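The values are calculated or read from the model by the stated rules, or taken from the named source; none is laboratory data. Note that the structure is a prediction, hence the values are computed from the model and not measured. Cβ coordinates were reconstructed from backbone atoms using ideal geometry, including for glycine residues, and neighbour counts include every protein chain displayed. Please note that ligands, DNA and RNA were not included when accessible areas were found on the heavy atoms of the full protein model with its side chains. Shrake-Rupley method; radii C 1.70, N 1.55, O 1.52, S 1.80 Å.
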Amino acid sequence: MDSTTTNTTVRLIKYNSNYDRDLSNFHLPDDQLMFTALPLQKINDPKLSDQTIHILILKDEKAVGYFALEQGSKLQKYCSNENARLLTAFSINKESQGQGLAKSGLKMLPSFISNNFPDINEVVLGVNQKNQAAISLYLKTGFVDNNEIYNGPKGPQHILHLSI
């Protein structure tokens, strides 16, 4: 089974420490950090389940993006599907933003999950209603807004669903 999904020079891979140097140089502006976490902070978070799947977006073999797929009690706040995963901490390194990498990575997500995690049949996420750029991105890449709201610690979030 192929562990990668390719699209020209952009691909998704499961995290491994070979990319820690790229991730240690990851920068996000404050207006983005208020909605997410830096990759290595998330990866090394002792509160995360060891079942969390960490995914990197690579461009020309350099880690330029990151997100996590979580399960458990955090997921249950967003949906009751036991075969779903909660997408968290999605980000693209500031120096790589504006190149369509977020859109490319998210469009590859369904086939990447199907090929590598066949038990997962849905991805859900909560996106702060103030983060209109992210909402637009997720909707353009196949996520669906069923008008569900979760009142999170940073305010109301739209719950978006992606069927796999």
### Query
If you count the DSSP beta bridges with both ends in the chain, what percent of them are antiparallel, to the nearest 5?
90 percent
### Message
Taking all protein chains in place and a 1.4 Å probe, what share, in percent, of the accessible surface of the chain do carbon and sulfur account for?
### Response
45 percent
### Query
Between Gln41 and Glu82, what is the spin-label point distance in nm, taking each point 7 Å from the Cα along the Cα→C-beta axis?
3.4 nm
### Task
Compute the length gained on full extension between Asp31 and Gln51: take 0.36 nm times their separation in residues and subtract their Cα-Cα distance, giving the result in nm to one decimal.
4.3 nm
### Query
Under a 1.4 angstrom probe, counting protein chains only, how are Ser17, Ser91, Ser111 ranked by accessible area, largest first?
Ser17, Ser111, Ser91
### Task
Check each of the GluC sites (Glu not before Pro) in region 61-106 and keep only those in coil by DSSP with at most 11 other C-beta atoms within 10 angstrom; list them in order.
Glu61, Glu82
### Message
Which of rounded, prolate or oblate describes region 1-126 when judged by the alpha-carbon gyration tensor and an a/c cut-off of 1.5?
### Response
oblate
#### Entry: Karplus-derived HN-Hα couplings along region 102-111 (A = 6.51, B = -1.76, C = 1.60, θ = phi - 60°), whole Hz, x at Gly and Pro
4, 4, 4, x, 5, 5, 7, 4, x, 6
### Under 26 Å from the Cα of Lys59 - lysines, other chains or at least 8 residues apart
Lys14, Lys42, Lys94, Lys103, Lys107, Lys140
### Query
Per residue, how much accessible area does the chain show when a 1.4 Å probe rolls over the protein heavy atoms, in square angstrom?
52 Å²
#### Entry: Relative contact order (%) - region 1-80, alpha-carbon pairs under 8 angstrom, separation at least six
32 percent
### Task
Please go through region 9-114 and write out the chymotrypsin sites (Phe, Trp or Tyr not before Pro) that DSSP classes as loop and that have at most 16 other C-beta atoms within 10 Å.
none
#### Entry: Label-to-label distance, nm, for residues given as Ser136 and Glu95 (7 Å Cα→Cβ offset)
2.7 nm
#### Entry: Rounded if a/c under 1.5, otherwise prolate or oblate - region 64-164, Cα gyration tensor axes
oblate
### Task
Set Lys and Arg Cβ to +1 and Asp and Glu Cβ to -1, take the dipole of the chain about its Cα centre, and tell me which of Gln76, Ser114, Pro153 lies farthest positive.
Pro153
### Summary
Sorted by chain and then number, the residues having a modelled amide H within less than 5 Å of the amide H of Gly65, at least 5 places away or on another chain, are Ile57, Asn93
